[in-house]
Amino acid sequence: MTGQVSFDSHTKNVLAAAVEYVNRLTPGYSGGSPVAAPADESQAVGESLAAIGYPRPSVPRADARRLTELAGRMRIVFEAAHTGDLDRAATEVNALLIDTNARPQLDRGKDRPWSLHFHGPNDELANGWAAGCAAGLAIALGSDLAGRLGVCAAPHCDRVFVDVSRNAQRRFCSPQCQSRVKAATHRARQHLG
């Protein structure tokens, strides 16, 4: 494989949304610090969408609750794919596809050609994003890109990512975690030397 991995724009967007939802809506660790579940789920969902370039909408509480529940289930997919348990990841994605009623549809944006998108049973925010994220994860798992779903290798960090690097060797959720690990390794060598 040469160059960076290139998902189509819709798949790239829904995978980016899946990463944002998992990282912002699920508790765990980030960069060595504990992360609590968000106190205001509606705000966290809005921030997730803003982080991937969508206008920050007012998110109804019911939609935020549904997307928070979905984020926990998507975390299962990332973790299972990361450890190579593709059977577990696929089982969860299949359940998400059924639960979100994801349906394919060709859409055409302004000045753009037709492209394949996935929608929920109606145009509500949670249904659209839930179905899209489930379908994006299915596309990644159903191809040779399943190994591109990762969980940060830094100590005390469990944030997820999609590896689009050329050599498929990404191990960290962010440059900060990578630097933190490199600095700790350097300090350990200095201490031994």
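FYI, it's all coordinate maths here, none of it is from the lab. What you are looking at is a predicted structure, and each value in this text was computed from that prediction instead of being measured. Counting neighbours? That spans all protein chains shown, and the Cβs are built from the backbone with ideal geometry, glycine included.
The value of relative contact order for the chain, using C-alpha pairs under 8 Å at least six residues apart, is 25 percent. Segment HIS191..ARG65, full-extension length gain: 40.6 nm, with 0.36 nm per residue of separation and the alpha-carbon distance subtracted. Amide H to amide H, with H built 1.01 Å from N, HIS119 comes under 5 Å of ARG103, GLN105, counting only residues 5 or more places away or on other chains. Rounded to two decimals, the Cα-based Rg/Rh of region 109-193, with Kirkwood Rh, is 1.18. Less than 15 Å Cβ to Cβ from VAL93, Lys/Arg counted +1 and Asp/Glu -1: what total charge do the surrounding residues give? So the surrounding residues net to -1. Over all alpha-carbon pairs in the chain, figure out the percentage whose distance exceeds 28 Å. Of all Cα-Cα distances in the chain, 27 percent exceed 28 Å. Computed from the C-beta positions of SER115 and ALA183, the FRET efficiency with R₀ = 35 Å rounds to 0.25.
Derived scalar couplings between HN and Hα for region 174-186 equal 7, x, 5, 5, 4, 5, 4, 5, 4, 5, 5, 5, 4 Hz in order, rounded to whole Hz, by the Karplus curve 6.51 cos²θ - 1.76 cosθ + 1.60 (θ = phi - 60°), x for Gly and Pro. What does the C-alpha gyration tensor say about the overall shape of region 1-105? Classify as rounded when a/c is under 1.5, otherwise prolate if a/b is larger than b/c, or oblate. Verdict is rounded for region 1-105. For the peptides 20-29, 173-182, the ranking by mean Cβ contacts within 10 Å, running from highest to lowest, is 20-29, 173-182. One decimal place: the segment LEU106-SER165 gains 18.4 nm when fully extended, by the rule 0.36 nm per residue minus the C-alpha distance.
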